[in-house]
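Below: one structure, written as structure tokens.
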Amino acid sequence: MPIVVVIVIFQLFILRQPLPNVGDLLIGLALVVVGLALFVKGLDLGLFPIGDNMAHALAKKGSTFWLVLFAFTLGFSTTIAEPALIAIAGEAADVAARAGEIVDQEEVKHQYAQGLRITVALAVGVAIVVGVIRIIMGWPIQWFIIVGYTLVIMLTAFAPKEIIGIAYDSGGVTTSTVTVPLVTALGVGLASSIRGRNPMIDGFGLIAFASLVPMIFVMLYGMFIV
């Protein structure tokens with residue numbers, strides 16, 4: 001409803017133009033409402049319990065190796081399938097082609113977008129591993145964030161200007177519909193399973209790593225690969 005209100009107000013009272021393709025707009029909004037309702041229900045029924053139960057099971061198994069491997073593969077797989085990342089990677093490839101940064105061919109643009117997606121997915125995998133190790137060891141999160149953003153600022157001075165905006169946005173698109181539920185469930189479930197850890201203090205914060213590390217990886221990608 002907020003989206004509908006904003007569109008109607010600006011179209012009718014600011015731009016003073018009729019709504020284009022009203023039928024398609026209504027169908028699209030209906031599909032969005034149904035899709036989001038099913039998605040939220042799916043989170044409650046499946047994704048949250050899966051992440052929480054697997055975190056408990058791996059913690060009880062007592063194997064740091066399998067826990068770290070699960071954390072990396074979870075971060076990588078949820079990110080590579082993230083719709084927001086797919087969208088921004090495709091848009092970045094189109095803009096790069098129009099700007100002459102890459103050859104304006106579908107195959108080249110696909111490779112550019114795929115490379116960006118894999119880079120971000122690897123970054124999130126590494127970020128979740130760091131976050132899981134932090135929970136296991138009980139290290140305070142603030143030092144990781146301070147050091148991470150200091151590195152982001154330093155890399156910004158050296159990274160190609162064409163990649164900086166994409167890098168910053170990549171940190172945001174990773175924290176979207178697919179990644180957040182599973183990663184949050186993993187963190188809270190793991191902190192709940194380890195003696196001496198507080199789920200409120202130690203269980204949250206993985207999303208902060210998932211937002212931070214991709215910025216670093218994408219800028220390094222722009223400096224050394226693109």
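Taken together, the values in this text are just the output of simple stated rules run on the coordinates, not laboratory data. These figures come from a predicted structure and were not determined experimentally. Ideal geometry is used to build each Cβ from the backbone, glycine not excepted, and the neighbour counts take in all protein chains shown.
Tabulated results
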{"read-out": "Estimated Rh, the range 127-182: Kirkwood, alpha-carbon pairs, angstrom", "value": "13.2"}
{"read-out": "Overall form of the chain per C-alpha gyration tensor (a/c, 1.5; a/b vs b/c)", "value": "oblate"}
{"read-out": "Cα-based shape type of the range 36-105, given that a ≥ b ≥ c are square roots of the gyration tensor eigenvalues and the cut on a/c is 1.5", "value": "oblate"}
{"read-out": "DSSP-assigned coil residues among trypsin sites (Lys or Arg not before Pro) in the range 123-226, each with at most 13 further Cβ atoms within 10 Å", "value": "ARG195"}
{"read-out": "Degrees, to the nearest 10: 141-156 long Cα axis against longest axis of the chain", "value": "40"}
{"read-out": "Helix-derived mean residue ellipticity, 222 nm - over the chain, DSSP H n ≥ 4, -39500 (n - 2.57), to 500", "value": "-25500 deg cm²/dmol"}
{"read-out": "Straight-distance crosslink candidates among aspartates and glutamates, where the alpha carbon sits under 17 Å from LYS61 and sequence neighbours closer than 8 are dropped", "value": "ASP52"}
{"read-out": "Dipole-positive endmost among THR78, VAL22, GLN105 within the range 1-143 (Cβ charges, Cα centre)", "value": "THR78"}
{"read-out": "Shape call, the range 79-189: gyration tensor on alpha carbons, a/c limit 1.5", "value": "oblate"}
{"read-out": "Tilt relative to the chain, helix 106-137 - C-alpha long axis, 0 to 90 degrees, to 10", "value": "30"}
{"read-out": "Aspartates and glutamates with Cα under 20 Å of LYS109, excluding same-chain neighbours fewer than 8 positions away", "value": "GLU82, GLU91, ASP94, GLU101, GLU162, ASP169"}
{"read-out": "Cα long-axis angle, helix 64-80 against the chain (0 to 90 degrees, to the nearest 10)", "value": "0"}
{"read-out": "Calculated FRET efficiency for the pair ILE14/SER77, C-beta based, R₀ 45 Å, to 0.05", "value": "0.55"}
